[in-house]
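*Asks:* The structure that follows is given in the form of structure tokens.
The values are calculated or read from the model by the stated rules, or taken from the named source; none is laboratory data. Just so it is clear, the model here is predicted, and its values are computed rather than measured. Here the Cβ positions follow ideal geometry from the backbone for every residue, glycine too, while neighbour counts run over all protein chains shown.
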Amino acid sequence: MRTLSKLTLAVATLSFMLLGGCTTAPSHPSLRDDQKGQSTPEKLVPVRQYVADWNGNGGYQLSPDGAQLMWVARKGLGPGLFVKNLQTGTVRSYAIPVPGQWAEDSRHVLIQLDNGNENTHVYQLDTLSADTNLKDLTPFAGSKSFIHSLVQGSPDLLIANNQRNPKVFDLYRYDHASAKLNLLAENPGSVALWLTDKVGHVIGRARKDAEQWVYETPSDSSNTMWQEVFKVSYFDTVQPLAVTADKKFLWALSNQSRDKLALVKLDLLSGSEQVIYADPRVDVSQALISAKTLEPLAVSLDPDYQEWKFFDARLQAAIDKIRGTSHTRLDIVSISRDENLIVAFVMRETGGQTLLYNVAQNQTELLGEHSRSRIHAISSLPRQQPLHFPSRDGLDLHGYVTLPAGSNGQPLPTVVYVHGGPWARDVAFGGDPIPSFLANRGYAVLQVNYRGSSGYGRAFMEAARGEFAGKMHTDLLDGIDYLVAQGVTDPHKVAIMGASYGGYASMVGMTFTPDRFACGISLVGMSELVSLMENAPPYWDLNKPWWLKYVGDPANPEERIVMDEKSPLYRADQAQGPMLILHGAQDSRVNVDQSTRMAQALSKAGKSVDIYVYKNAAHGLHRWPDKLSYFRKTEDFLAQCLGGRSSGFDFYQLGSWAL
């Protein structure tokens, strides 16, 4: 293989810039300047502003004692971890590319890292030591570890690990004094959940038994003998939040005997629930529990825009000062143990900010701005609006449409951007840069919370049973039809794209309804459902009944046939428009061959397809050079297919090869 010299590489790079560095002007009639009444398009924002913001920062965390603040920002050409002493102002930086979590002693930082295969290790950093090296607390090859919980007032912590049995997680306690990991509770092969108190004692577990979760409490101090206390249906949701101070109750989000998730106080002896807060429209999305009192402080929910319900007047007064009165999305990122210091991230249509609020002093400090704020300084931001429309079988569907700033009402080329999961959902001002990026290129962006999306209750979720490539897909088509009827969308210029399940939906769109989509983009998508199920990571085993219910059982010959019928791989010859397929080589959830096989099938059938495999990526793209490549390929591909704009070569691409 020929190796280029530095001079040759520089000449080749310069030639590429000269040949390919020009922007692509829009060709769609609704976007051209020569159209009568057409507004001047907003300034084209460089791709780097969306994926490699030089001034970006995030992942802020207050130490429990409120004395230190940690965050991630640029360090050299990549991200690094920063720790600031709030009393002295001293800042230390570390070559650690991900956010950390404070131990309860407010001195040690805990880091969870993997090499792309999701076999995560737990590391410890001593912020008061001259030694900046990470200490691996779980040096076990070929296994996955994660932080289960912290031990109040101690550098000790509880860690779950599956080295003994890759299908399930045992619970360990890391003893800081001895630097040893001690087994706390062994998993018999069916436990999906360990319940612990604030000082690190195991007080319960949830064990799968057929189609039930059996909740048990230990009957001896060694956590080897257990007694049953109550049962929950496997397909009911009980999300533990915290054990109460008296250890008798569990704060949880639950939908037992109801359609929507509610905040409940669950009796750990009887299983009975007291509903603390519920909403008839949507699920409770999250709940904030006080680390000081172990009582609930607030809950949030997402009908169209995010709403908060507070149980603590002092916190509500503080948050009201932070977020203002307009539509916002607020994330309470971190609170000191005494609840005097609050770090909150506020996202609104004009941008996002991370703020530090001192309750006692009634003072707010700006910690950082989201790239959306800096983009707003360059170009007017697109408008995101909630949507409500009926499905063809009468289901009430919700979603969002993002329109280019300055669009004049003519039907626009449109991208259907499908969220992954599929048991997830899109929200207003969620921070994903793709809708804003695509709108800046001239496209209307449709995001549909199709049936099976989380947040809308049990019945809406169960309406997706057996509907992969079925009604989950026609929900997307109904969204397109709604926008066409509203005069928003040009029906002949619609693309579909997404990641994971969204990538699958893109392949389904291009092969099941090829007349509806001009082109499609799949990132880490699955093309064949049987092999997806058969090659799932071993620790998915306890969750497989959920997949079997909604997707199918490959061990059942009849269901296997149906799964193949719902797999785009076997319909590649039906595709009409071009496809762009991208995948991470290290993906352990959706193997890369789900994309390579699809690309081969499309190519064999004489269809237009481009495929790119990122060697250092897993289930998603996290390194900025990979994101930059993805966004650049996306804008060029859509410009050719839909007639929007493309920014051409971004000079950040010159530095991406070095990382």
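*Asks:* Under the condition of being assigned to a loop (DSSP other than H, G, I, E, B) and not aliphatic (A, V, I, L, M), which residue from the stretch 615-644 is farthest from Asn119 (Cα to Cα)?
*Replies:* Gly643
*Asks:* Tell me, please, whether a residue that is part of a helix (DSSP H, G or I) and closer than 13 Å to Ser500 by Cβ can be found in the stretch 597-614.
*Replies:* No, the stretch 597-614 has no match at all.
*Asks:* Go through the stretch 589-641 residue by residue and tally those that are farther than 19 Å from Cys519 by Cα and among the charged types (D, E, K, R).
*Replies:* Adding up the residues that qualify gives 6.
*Asks:* Condition (residue is over 18 Å from Leu181 (Cβ atoms), touching a residue at least 60 places away in the same chain (Cβ under 8 Å), surrounded by fewer than 15 Cβ atoms within 10 Å (Cβ to Cβ) and not acidic (Asp, Glu)) applied to the stretch 74-81: is it met by at least one residue?
*Replies:* Yes, because at least one residue in the stretch 74-81 is over 18 Å from Leu181 (Cβ atoms), touching a residue at least 60 places away in the same chain (Cβ under 8 Å), surrounded by fewer than 15 Cβ atoms within 10 Å (Cβ to Cβ) and not acidic (Asp, Glu).
*Asks:* Can you tell me which condition Ser646 does not meet? The list is (1) at pLDDT 95 or above; (2) among the hydroxyl-bearing types (Ser, Thr, Tyr); (3) crowded, with 21+ Cβ neighbours inside 10 Å, and all the others hold.
*Replies:* Every condition holds for Ser646 apart from (1).
*Asks:* Would you mind telling me which numbered condition in (1) buried (at least 17 other Cβ atoms within 10 Å of the Cβ); (2) of a type in the set (Lys, Arg); (3) more than 20 Å from the chain's Cα centre (by Cα); (4) at pLDDT below 95 Lys607 fails?
*Replies:* Exception for Lys607: condition (4).
*Asks:* Going by the conditions given, is Gly420 in a loop (DSSP other than H, G, I, E, B), under 18 Å from the mean Cα position of the chain (by Cα), over 14 Å from Leu387 (Cα atoms) and modelled with pLDDT of 95 or more? Can you show your working first?
*Replies:* On the way: in a loop (DSSP other than H, G, I, E, B): yes; under 18 Å from the mean Cα position of the chain (by Cα): yes; over 14 Å from Leu387 (Cα atoms): yes; modelled with pLDDT of 95 or more: yes.
The answer is yes for Gly420.
*Asks:* Checking the condition farther than 30 Å from Lys615 by Cα and surrounded by fewer than 20 Cβ atoms within 10 Å (Cβ to Cβ), which residue from Ser143, Ser154 passes? Walk me through how you get there before you give the answer.
*Replies:* Details: Ser143 fails: farther than 30 Å from Lys615 by Cα.
Ser154 is the lone residue from the list that is farther than 30 Å from Lys615 by Cα and surrounded by fewer than 20 Cβ atoms within 10 Å (Cβ to Cβ).
*Asks:* Can you tell me which residue is surrounded by the most Cβ atoms within 10 Å (Cβ to Cβ) among those in the stretch 215-264 that are over 28 Å from Gly457 (Cα atoms) and among the aliphatic types (A, V, I, L, M)?
*Replies:* Residue satisfying both the conditions and the ranking: Ala245.
*Asks:* Now for a separate question. Yes or no: Ser531 in a helix (DSSP H, G or I) and farther than 24 Å from Asp302 by Cβ? Lay out the reasoning, then the answer.
*Replies:* Values: in a helix (DSSP H, G or I): yes; farther than 24 Å from Asp302 by Cβ: yes.
Judged against the criteria, Ser531 is a match.
*Asks:* Could you tell me whether any residue of the stretch 611-619 is crowded, with 20+ Cβ neighbours inside 10 Å, of a type in the set (Val, Ile, Thr) and within 16 Å of Ser506 (Cα to Cα)?
*Replies:* Of the stretch 611-619, the ones crowded, with 20+ Cβ neighbours inside 10 Å are 614, 617-619.
Those still in the list that are of a type in the set (Val, Ile, Thr) too: none.
No, the stretch 611-619 contains no residue that is crowded, with 20+ Cβ neighbours inside 10 Å, of a type in the set (Val, Ile, Thr) and within 16 Å of Ser506 (Cα to Cα).
*Asks:* Quick one: what pairs do we get from the stretch 332-346, first residue crowded, with 21+ Cβ neighbours inside 10 Å, second among the aliphatic types (A, V, I, L, M) and part of a loop (DSSP other than H, G, I, E, B), C-beta under 7 Å, 6+ apart or different chains?
*Replies:* From residues that are crowded, with 21+ Cβ neighbours inside 10 Å, the pairs are Ile342/Val359.
*Asks:* Could you list, in sequence order, the residues of the stretch 108-139 that are assigned to a strand (DSSP E or B), closer than 20 Å to Gly153 by Cβ and among the hydrophobic types (A, V, I, L, M, F, W, C)? Walk me through it before giving the result.
*Replies:* Residues of the stretch 108-139 assigned to a strand (DSSP E or B): 108-113, 121-126, 135-136.
Pick out the ones that are also closer than 20 Å to Gly153 by Cβ and you get 108-110, 122, 124-126.
Listed by number, the residues that qualify are Val109, Leu110, Val122, Leu125.
*Asks:* I want to confirm something. Restricting to the stretch 552-596 and keeping residues that are hydroxyl-bearing (Ser, Thr, Tyr) and assigned to a loop (DSSP other than H, G, I, E, B), which single residue is nearest to Val530 (Cα to Cα)? Don't jump to the end; show me each part of the working.
*Replies:* Within the stretch 552-596, the first condition is being hydroxyl-bearing (Ser, Thr, Tyr), and the residues that meet it are 567, 570, 588, 595-596.
So of that shortlist, the ones also assigned to a loop (DSSP other than H, G, I, E, B) come out as 567, 588.
Details: Ser567: 8, Ser588: 16 Å.
Here the residue is Ser567.
*Asks:* How many residues are of a type in the set (A, V, I, L, M), at pLDDT 90 or above and either within 30 Å of Ser407 (Cα to Cα) or surrounded by fewer than 19 Cβ atoms within 10 Å (Cβ to Cβ) (or both) when one looks only at the stretch 48-72? Explain how you work it out, then say what you get.
*Replies:* Here is the first cut: in the stretch 48-72, the residues of a type in the set (A, V, I, L, M) are 51-52, 62, 67, 69-70, 72.
Narrowing further to those that are at pLDDT 90 or above: 62, 67, 69-70, 72.
Filter once more, so that each one left must be either within 30 Å of Ser407 (Cα to Cα) or surrounded by fewer than 19 Cβ atoms within 10 Å (Cβ to Cβ) (or both): 67.
Summing the residues that are of a type in the set (A, V, I, L, M), at pLDDT 90 or above and either within 30 Å of Ser407 (Cα to Cα) or surrounded by fewer than 19 Cβ atoms within 10 Å (Cβ to Cβ) (or both) in the stretch 48-72 gives 1.
*Asks:* Could you identify the single residue in Leu529, Leu476 that is over 21 Å from the mean Cα position of the chain (by Cα) and not small (Gly, Ala, Ser)?
*Replies:* Values: Leu476 fails: over 21 Å from the mean Cα position of the chain (by Cα).
Just one listed residue meets the conditions, Leu529.
*Asks:* Filter the stretch 180-203 down to residues that are over 18 Å from Ser233 (Cβ atoms) and of a type in the set (Gly, Ala, Ser) and give me whichever is farthest from the chain's Cα centre (by Cα).
*Replies:* Taking the stretch 180-203 and keeping what is over 18 Å from Ser233 (Cβ atoms), we get 180-189, 194-203.
If we keep only those that are of a type in the set (Gly, Ala, Ser) as well, we get 185, 189, 200.
Values: Ala185: 30, Gly189: 28, Gly200: 29 Å.
Across the stretch 180-203, the extreme among qualifying residues is Ala185.
*Asks:* Going by what's in this entry, would Gly394 be described as surrounded by fewer than 19 Cβ atoms within 10 Å (Cβ to Cβ), at pLDDT below 95 and not polar (S, T, N, Q)?
*Replies:* On the way: surrounded by fewer than 19 Cβ atoms within 10 Å (Cβ to Cβ): yes; at pLDDT below 95: no; not polar (S, T, N, Q): yes.
No; evaluated as a whole, the condition is false for this residue.
*Asks:* Turning to a different aspect of this structure: Against the condition modelled with pLDDT of 95 or more, touching a Phe, Trp or Tyr at 6+ places or on another chain (Cβ under 8 Å) and closer than 23 Å to Ala428 by Cα, how does Lys309 come out, does it pass?
*Replies:* Working: modelled with pLDDT of 95 or more: yes; touching a Phe, Trp or Tyr at 6+ places or on another chain (Cβ under 8 Å): yes; closer than 23 Å to Ala428 by Cα: yes.
Spelling it out, Lys309 is indeed modelled with pLDDT of 95 or more, touching a Phe, Trp or Tyr at 6+ places or on another chain (Cβ under 8 Å) and closer than 23 Å to Ala428 by Cα.
*Asks:* Further question: Restrict the check to the stretch 516-530 and report whether at least one residue is surrounded by fewer than 24 Cβ atoms within 10 Å (Cβ to Cβ) and among the polar types (S, T, N, Q).
*Replies:* No, because not a single residue in the stretch 516-530 is surrounded by fewer than 24 Cβ atoms within 10 Å (Cβ to Cβ) and among the polar types (S, T, N, Q).
*Asks:* Continuing with this model, one more query. Looking at the stretch 42-80, which of the residues that are of a type in the set (S, T, N, Q) and part of a strand (DSSP E or B) is farthest from the chain's Cα centre (by Cα)? Even if it seems obvious, please write down each step before you answer.
*Replies:* To start, the set of residues in the stretch 42-80 that are of a type in the set (S, T, N, Q) comprises 49, 55, 57, 61, 63, 68.
Then keep just the ones that are part of a strand (DSSP E or B); that gives 57, 61, 68.
Numbers: Asn57: 18, Gln61: 19, Gln68: 27 Å.
Among them, the one singled out is Gln68.
*Asks:* Among the listed residues Gly502, Gly479, identify the single one that is assigned to a helix (DSSP H, G or I), farther than 25 Å from Ser30 by Cα and small (Gly, Ala, Ser).
*Replies:* Working: Gly479 fails: farther than 25 Å from Ser30 by Cα.
When all the criteria are applied, what remains is Gly502.
*Asks:* Every residue in the stretch 548-570 that is among the acidic types (Asp, Glu) and touching a helix residue (DSSP H, G or I) at 6+ places or on another chain (Cβ under 7 Å), please.
*Replies:* First pass over the stretch 548-570, keeping only residues among the acidic types (Asp, Glu): 553, 558-559, 564-565.
Result: Asp553, Asp564.
*Asks:* Can you find, within the stretch 347-377, the residue that is farthest from Val51 (Cα to Cα) among those that are surrounded by 19 or more Cβ atoms within 10 Å (Cβ to Cβ) and of a type in the set (Val, Ile, Thr)?
*Replies:* So, considering only residues that are surrounded by 19 or more Cβ atoms within 10 Å (Cβ to Cβ) and of a type in the set (Val, Ile, Thr), the one farthest from Val51 (Cα to Cα) is Thr354.
*Asks:* Looking at Arg589, Arg560, which is the one that is surrounded by fewer than 23 Cβ atoms within 10 Å (Cβ to Cβ) and more than 19 Å from Arg465 (Cβ to Cβ)?
*Replies:* Arg589
*Asks:* Which of the residues spanning the stretch 436-469 are of a type in the set (D, E, K, R) and assigned to a helix (DSSP H, G or I)? Walk me through how you get there before you give the answer.
*Replies:* Here is the first cut: in the stretch 436-469, the ones of a type in the set (D, E, K, R) are 441, 451, 458, 462, 465, 467.
Of everything in the stretch 436-469, those that are of a type in the set (D, E, K, R) and assigned to a helix (DSSP H, G or I) turn out to be Arg458, Glu462.
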